[in-house]
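See below for the structure under consideration.
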């Protein structure tokens, strides 16, 4: 099963989802991530994923256009902006939307780095739970 996680910046939420899917669903799913307007990989996302045992430090942000010729079974938008601008060329792929809050936005007013990281950790864990419930993968397969 090929899965694409799509966000706006491909810097945090979609990267976490890709990391979780490849770690938790190895052999059952092949995950990728991209952005409609990619930015820079978020160092806090790298940090909190490493705390959970998933290394995304080698990831890079990618524009959705890199996957124009790739056939996916499932395309998941993880933010509302990406859902609104999701390209139509994903063909017969099942499309799923699950909006997650934006950790950088939530952390912008944090008074300490630890407080900022708490937002990232919460979203990391929410994304993990979501990935474990992806359609097309039965509970027995997980």
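Here is how the numbers come out for the structure above:
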quantity	calculated
Whole-number percent relative contact order across the range 23-125, with pairs defined as alpha carbons under 8 Å at least 6 apart	24 percent
Beta bridge orientation in the range 2-131: antiparallel %, DSSP, nearest 5	0 percent
Pair residue 129, residue 30: separation of 7 Å Cα→Cβ label points (nm)	3.1 nm
Neighbour-count order for 7, 79, fewest beta carbons within 10 angstrom listed first	79, 7
Helix-only mean residue ellipticity at 222 nm for the chain, each DSSP H run of n ≥ 4 adding -39500 (n - 2.57), per residue, nearest 500	-10500 deg cm²/dmol
The range 2-131: C-alpha pair distances exceeding 22 Å, %	29 percent
Rounded if a/c under 1.5, otherwise prolate or oblate - the range 1-78, Cα gyration tensor axes	oblate
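Every number in this text was worked out from the coordinates using simple rules, so none of it is lab data. Please read all numbers here as calculations on a predicted model, not as lab measurements. Neighbour counts run over all protein chains shown; Cβ positions are idealised from the backbone, glycine included.
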